[in-house]
1. Of Phe150, Phe156, Phe124, which has the most accessible area and how do the rest follow, probe 1.4 Å?
2. Carbon-plus-sulfur fraction of the accessible area of the chain, 1.4 Å probe, in percent?
3. Counting only heavy atoms of the protein chains, get the accessible area per residue of the chain (1.4 Å probe) and round it to a whole Å² value.
4. Given the Cα-Cα distance of Asp122 and Glu152 and 0.36 nm per residue of separation, how much length would full extension add, in nm?
5. Bins of 5 Å, beginning at zero and ending with the bin holding the largest distance: percent of Cα pairs per bin for the chain, please.
6. Test of understanding: extend the Cα→C-beta vector of Ala134 to 7 Å, then name every residue of the stretch 145-166 with backbone N under 15 Å from that spot.
7. May I ask you to evaluate 6.51 cos²θ - 1.76 cosθ + 1.60, the Karplus curve with θ = phi - 60°, for each residue of the stretch 79-88 and list the ³J(HN,Hα) values in order in whole Hz, giving x for glycine and proline?
8. Given the protein chains as shown and a 1.4 Å probe, how many square angstrom of Glu56 are accessible, to the nearest 10?
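The values are calculated or read from the model by the stated rules, or taken from the named source; none is laboratory data. The model shown is predicted, which means the values in this text are computed figures rather than measured ones. Neighbour counts are summed over all protein chains in view; Cβ atoms, including those assigned to glycine, are modelled from backbone coordinates with ideal geometry. Just the protein is used for accessible areas: all its heavy atoms, side chains included, with ligands, DNA and RNA removed. Shrake-Rupley method; radii C 1.70, N 1.55, O 1.52, S 1.80 Å.
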Amino acid sequence: MNYAPLPPMTINLRPATLTDLDLLRHWDEQPHVVDSDPNDDWGWEVELERAPEWREQLIAEIDHRPIGFIQIIDPAREDTHYWGDIPANLRAIDIWIGEEIDLGKGYGTQMMQLALTRCFADPFVIAVLVDPLAGNTRVHRFYERFGFQFVESRRFGNDDCLVYRLNRADWHHESAIALP
């Protein structure tokens, strides 16, 4: 696998809180975020106050400057059943960079490495799922660089998506970044 070289700075992840509400609303309005997630209403006002054990909502920061968002869920336990009838011991990731100026700098690569490390830190997790829009070929290549394999085309709500899966056995953890 070829991975983009990591930038020299360290990205830290912290839990998203209600104090991030305005920031997340702002990011939700950015054209590149809308393009990748046009039909979802995250319900930030409600969701930031909830902390179900099946979900992590994280803000990625560089030197305390927020740059992106990651959500990691257990899709079998998630309460909306977005993924439908799905087996246990999987995780699903949503990830994005908030500001367009921060795109193309390797931040997404480092954020994804951190997210995968968190997912596979649980020895029972056998695979991680992602569901990018079918037309977003740039992000398809991003996931494929990590070893994600195409599983199926699927419609989620109003969105035509591609489901990708990264099995634990295919995860190249030697390139992962240690958890803080």
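1. I get Phe124, Phe150, Phe156, largest accessible area first.
2. 51 percent
3. Computed with neighbouring chains in place, this is 53 Å² per residue.
4. 8.2 nm
5. Pair shares across the bins are 1, 8, 17, 22, 23, 18, 9, 2, 0.
6. Of the residues in the stretch 145-166, 151-164 have backbone N under 15 Å from the label point off Ala134.
7. Using θ = phi - 60°, the values come out as 6, 8, 6, 3, 7, x, 6, 9, x, 6 Hz.
8. In the full protein context, Glu56 sits at about 60 Å².
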